[in-house]
Amino acid sequence: MHVIVTGGSSGIGLAIAKLYAARGARVSLLARDKARLEEARAEIAMLPGVDSAFIRTASVDVASAEQTTEAVRLCEASFGPCDILVASAGIVEPRAFDAMPASVFDEQISINLLGTANAVRAVYKGMKSQRSGRIMMISSGAALIGIFGYSAYCASKSALAGFAEALSAEADAWGVQISICFPPDTMTPQYAREIALRPREAEILMGAVKPWSAEEVAARIVRGMDRGRQKIHFGFSLTALAYFGPLIKPLLLWWFSRKARKIFGDEAHSGLADAGKQSFDRDK
């Protein structure tokens, strides 16, 4: 069995790669950072019973269709056709929309959405010809509801849900299984960076949520794929939001809006009062 994991150098992708490697699968890791890829390869090779010859790495920017196609071609030349693709490569840079440069917005769309599509495209024809294969797209709990400061991330991750659903309608007749999962906050190197960038307003509105470990998330994803599940959710709140969103979201969004108006309204009022005082002082 050949498993290809994009974003496989760290976080959820690496944790999933470890689980499949421990089963004896041939694993190909795709990511941008060569040094981190080698570190990931060494970590997997240290697992009991894992043959380092069955681990391959490829430095690639999944936002490039050409790079991704070529990397997958080389991996398949070494380990045979891809049986399982886990599209885990992703990036998040939370900022208020009007403070987010277009380049930062575009990068999140390019990697999270187009990068997933590029990886899927690179293996899909081969899976169709074999009439078998499994594809897992890693979305996010942020796909289920809009979050302050996450306009690009929510847009890119929610778009994956539509992509997975539409592709599943095409792939089913060919024996190719399309799945998607919606992980919660997860302890990864990227999460640490995200928290450092998260706007204060988002912290106030969202409150403190204990993140899952990458190993917990990976185990649920692999277990769900083994069972042929098309959608995988995590925790009571996100599962309820996924299944009862039309009923729950209006109340949640109303509450967020009310809280935001109170927080920002007080700040705006304070700011206007300070500005007025300064103007009055200058006129005296």
| Which ones in region 19-40 are assigned to a helix (DSSP H, G or I) and crowded, with 21+ Cβ neighbours inside 10 Å? | 20, 21, 37, 40
| remark: Checking 202, 240, 196 in turn, the sole residue that is more than 28 Å from residue 133 (Cα to Cα), hydrophobic (A, V, I, L, M, F, W, C) and either in a strand (DSSP E or B) or not assigned by TED's automatic domain parsing to the domain that holds residue 181 (or both) turns out to be 240
| Qualifying positions in region 53-98 - without any contact (Cβ under 8 Å) to a residue 24 or more places away in the chain and either at positive phi or among the hydrophobic types (A, V, I, L, M, F, W, C) (or both) | 53, 74, 77
| task | Being β-branched (Val, Ile, Thr) and outside any loop (DSSP other than H, G, I, E, B) is the filter here, so list the residues in region 177-190 that pass it. | result | 178, 180, 186
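When only residues in region 60-92 that are among the β-branched types (Val, Ile, Thr), more than 14 Å from residue 127 (Cβ to Cβ) and crowded, with 24+ Cβ neighbours inside 10 Å count, which is nearest to the chain's Cα centre (by Cα)? Full working, then the answer.
So in region 60-92, the residues among the β-branched types (Val, Ile, Thr) come out as 60, 62, 68-69, 72, 84, 86, 91-92.
Those still in the list that are more than 14 Å from residue 127 (Cβ to Cβ) too: 60, 62, 68-69, 91-92.
Applying the additional criterion that residues be crowded, with 24+ Cβ neighbours inside 10 Å yields 60, 62, 68.
On the way: 60: 17, 62: 13, 68: 17 Å.
Result: 62.
The values are calculated or read from the model by the stated rules, or taken from the named source; none is laboratory data. All values derive from a computational prediction rather than experimental measurement. All Cβ positions, even for glycine, are placed from backbone atoms using ideal geometry, and neighbour counts span all protein chains on display.
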